[in-house]
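Below is one structure; the comments refer to it alone.
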Amino acid sequence: MTPRVPAQTPVALARCPDYAAPTLPRQVGATLDAACLAERLSLRGARVLVKPNLLQARPLACSTPAVVASACAWLLDQGALVRVADAPGFGRAAGVARAVGLEAALKPLGLHVRQLDDPVPVTLPLPAGRTPHHSRPPRFGVARLALESDALLSLPRVKAHSQMLLTLAVKNCFGCVCGLRKAVVHAREGRDPDFFADCLAALWAALPPVAALADGVRAMHVTGPGKGDPFALNLLGACADAPALDEALYAVLGRAPHTVPLGAALIRRQAPGTAAAGCAPVYPLLRPQDFDATGFVLPARLAHTSFHPARLVKSCARRICAVFHP
């Protein structure tokens, strides 16, 4: 009997010491080329949603504008139809983009940042035994633009996370849930990090194919996702399968997938691109052990991210202000 040969997924990890131009666009392009994104996603003529992390108007909390712009330029060169969008939990995407410099970085490309809105209710089936007996499967209001894209490019900054330990490419897809609905989801589903991770894995599975480019040049550690400390990881990572890139980044940071809530949830789903699904990563550039993450600190305890009424009022006020002061 011929032994089964595991599927192979190129995971491109590259060393990148800083965000300096003109070196950065070349490095981003070379990393995406090494990950074979153009071939695996059939990019020519494809509608690609570039999904940066625009958490709040703090530069370290967001994807670096130069990385986002470099990825968009590469996608345009491949013949893709590019839209850039997010749905921050607090504020509007355009306002956060303006504050952190993304609006200016995209202007030469003729692109602007859109708000992920027009929610479509999506029921998220969870693995057997993971849905509490007293509740139905969760439903998220997912942006129509995300669901109607041919592919997504998740573009997170590598960050520690006080609730999920790490926030990487798959977690960044949570931004496809529209606006204040994320606050409701956090309050309703987020009390148990493992259950919330199952919801996030189910959301990823409900989206079109998700590729990823991770910004780990300057990562965030100690806490997060908004107010951690900078860490010079000096890394760019790309893969056509977001879960496979996340697994590689876990290895860079010295973590096994099952020790990260979302990594364990993807194992339970046997997500394509992961070791649980028989994926054998191929590293065309550098390997995880080629990076030094000594001193990268993760939260010692995970905490429920609570959204109190005062925070919801604050978010609504920001959104109203964005309408009158765009």
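Here region 1-137 exposes an accessible surface that is 57 percent carbon and sulfur, computed with a 1.4 Å probe and the other protein chains kept in place.
Computed extension length for Leu109-Arg144: 10.2 nm, one decimal, from 0.36 nm per residue of separation with the Cα-Cα distance subtracted. Under the convention that each Lys and Arg Cβ holds +1 and each Asp and Glu Cβ holds -1, the size of the dipole of region 1-86 around its Cα centre is about 200 debye. The residues packed around Val252, meaning those with a beta-carbon under 15 Å from its beta-carbon, carry a net charge of +1 if Lys and Arg are +1 and Asp and Glu are -1.
Accessible surface of region 216-299, 1.4 Å probe: 52 percent of it comes from carbon and sulfur atoms. Neighbours of Asp150, meaning other residues whose beta-carbon lies under 13 angstrom from its beta-carbon, give a summed charge of +3 when Lys and Arg score +1 and Asp and Glu score -1. Solvent-accessible surface of region 50-151, averaged per residue with a 1.4 angstrom probe and all protein chains in place: 43 square angstrom.
Counting only protein chain heavy atoms and rolling a 1.4 Å probe, the accessible areas of Tyr19, Tyr250 rank, largest first, as Tyr19, Tyr250.
Once you order the gyration tensor axes a ≥ b ≥ c over the Cα atoms, which shape class does region 245-297 get: rounded for a/c under 1.5, otherwise prolate or oblate by comparing a/b with b/c? Don't skip to the answer; put the middle values down first.
Working: a/c = 3.49, a/b = 1.31, b/c = 2.66.
Oblate is the answer for region 245-297, as a/c is 1.5 or above yet b/c matches or exceeds a/b.
Averaged per residue, region 229-287 has 35 square angstrom of accessible surface, using a 1.4 angstrom probe with ligands and nucleic acids left out.
Which net charge results when you count Lys and Arg as +1 and Asp and Glu as -1 among the other residues whose beta-carbon is under 15 Å from that of Arg26? Residues near Arg26 contribute -2 overall.
The values are calculated or read from the model by the stated rules, or taken from the named source; none is laboratory data. Predicted model only: the values in this text are computed from it and were never measured. Ideal geometry is used to build each Cβ from the backbone, glycine not excepted, and the neighbour counts take in all protein chains shown. When the accessible area is computed, the model is the full protein with side chains, heavy atoms only, and any ligands, DNA or RNA have been set aside. Shrake-Rupley method; radii C 1.70, N 1.55, O 1.52, S 1.80 Å.
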